[in-house]
Amino acid sequence: MIRKVGVLGAGQMGSGIAHVLAQQVIDVVLFDIAEVQLARAVAGIQKNLERQAKKDQLDSSAIPAILGRIRTTMAMEDLADCDMAIEAVTEKEVLKLEIFRKLDGIMKKEAILASNTSSIPITRIAAVTGRQDKVIGMHFMNPVPVMKLVEVIRGLATSDDTFTTTAALVAKLDKEMSVSADYPGFIVNRILIPMINEAAYVLFEGIATAEDIDKGMKLGTNQPMGPLTLADFIGLDTCLAIMNVLYEGFKDSKYRPCPLLVKMVEAGYLGRKAGRGFYTY
């Protein structure tokens, strides 16, 4: 049974994961290398809990206890007694592999190591550890407190016990699970990110404006937001990183990143978080 979870990365995804864990009476150790990011994460979690209370989705009297279950740290060693670690850092393979090597040496032998990666093969991540049977993918959707899906990815060596324990945690968090084989992009991003990339090509080739591309997809396919708006929300650097994983993983030209997407990332136009992407914020 999972009673205490270490979450690595206090950004948008990590803080959201910490939020839903603590709300379901699970102790959380939230790790980040930046103290200011940890403070920002806790403030954001409190704000989101208060928003839930205003919508009658949560009793406001429960907020102090939920926040009290979240401990922040800048020392990875503080995760040593956790039953599970969920890595939620930026989508850079070198960084993730480094973190899993360190976690493998820090955490108790029976602990599960999970990655929130949205595209990098779990088998590759597991291979740098001495517990490949206890490594699994848990890809939460953004924003975590709102989105119901968790994509669960079994690596080649992931054990049945690890999968069963992870599935039980997903259910405890009041989420739905989809199970994917361990290939680049898994299910959601294997379909979603090439769509965003194709929308970027439509803009790049002058076929339509960003506004008309998004309007066409919203009103023509009943999506809640257009692909370029969604790309800005996700982060163009993240979209490009996933496209590169798909391109390198499958060696198929249909996954070639749009040159416009590449140039925008090089220019620092990363979407909402940078104030400029396909749109200006």
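The values are calculated or read from the model by the stated rules, or taken from the named source; none is laboratory data. All of these numbers come straight from a predicted model, not from anything done at the bench. Please note: Cβ atoms are built from the backbone with ideal geometry, for glycine as well, and neighbour counts cover all protein chains shown.
Here are Asp133, Asp161: which of them is of a type in the set (Asp, Glu), out of contact with any Ser or Thr (no Cβ under 6 Å at 6 or more places or on another chain) and over 24 Å from Gly16 (Cα atoms)?
Details: Asp133 fails: out of contact with any Ser or Thr (no Cβ under 6 Å at 6 or more places or on another chain).
Exactly one of Asp133, Asp161 is of a type in the set (Asp, Glu), out of contact with any Ser or Thr (no Cβ under 6 Å at 6 or more places or on another chain) and over 24 Å from Gly16 (Cα atoms), namely Asp161.
Please report, ordered by residue number, the helices (runs of 4 or more DSSP H) entirely within the stretch 1-71 with at least 2 residues that are under 20 Å from the mean Cα position of the chain (by Cα).
Details: elements: 12-23, 35-54, 63-68.
Those helices (runs of 4 or more DSSP H) span 12-23, 35-54.
Quick one: Ile125 ticks every box in (1) of a type outside the set (Lys, Arg); (2) out of contact with any strand residue (DSSP E or B) (no Cβ under 8 Å at 6 or more places or on another chain); (3) not in a loop (DSSP other than H, G, I, E, B) except a single one, so which number is it?
If we test Ile125 against (1) of a type outside the set (Lys, Arg); (2) out of contact with any strand residue (DSSP E or B) (no Cβ under 8 Å at 6 or more places or on another chain); (3) not in a loop (DSSP other than H, G, I, E, B), just (2) comes out false.
Here are some residues: Gly220, Gly206. Which one is at positive phi and either in a loop (DSSP other than H, G, I, E, B) or outside the structural domain of Asn116 (by TED's automatic domain parsing) (or both)?
Gly206 is the lone residue from the list that is at positive phi and either in a loop (DSSP other than H, G, I, E, B) or outside the structural domain of Asn116 (by TED's automatic domain parsing) (or both).
Does the stretch 191-217 hold any residues that are out of contact with any Ser or Thr (no Cβ under 8 Å at 6 or more places or on another chain) and charged (D, E, K, R), and which are they?
Glu198, Glu205, Glu211, Asp212, Lys215
Being within 25 Å of Lys96 (Cα to Cα) and either outside the structural domain of Thr90 (by TED's automatic domain parsing) or of a type outside the set (A, V, I, L, M, F, W, C) (or both) is the requirement here; does Gly268 meet it?
yes
Quickly run through the stretch 130-150 and pick out the residues that are touching a strand residue (DSSP E or B) at 6+ places or on another chain (Cβ under 6 Å), surrounded by 15 or more Cβ atoms within 10 Å (Cβ to Cβ) and not in a strand (DSSP E or B).
Passing the criteria: Lys134, Met141.
Of the numbered conditions (1) surrounded by fewer than 16 Cβ atoms within 10 Å (Cβ to Cβ); (2) modelled with pLDDT of 95 or more; (3) under 18 Å from the mean Cα position of the chain (by Cα); (4) not in a helix (DSSP H, G or I), Lys108 satisfies every one except a single condition; which is it?
The failed condition is (3).
Of all residues in the stretch 184-203, how many are in a helix (DSSP H, G or I) and small (Gly, Ala, Ser)?
Looking only at that region, the number is 2.
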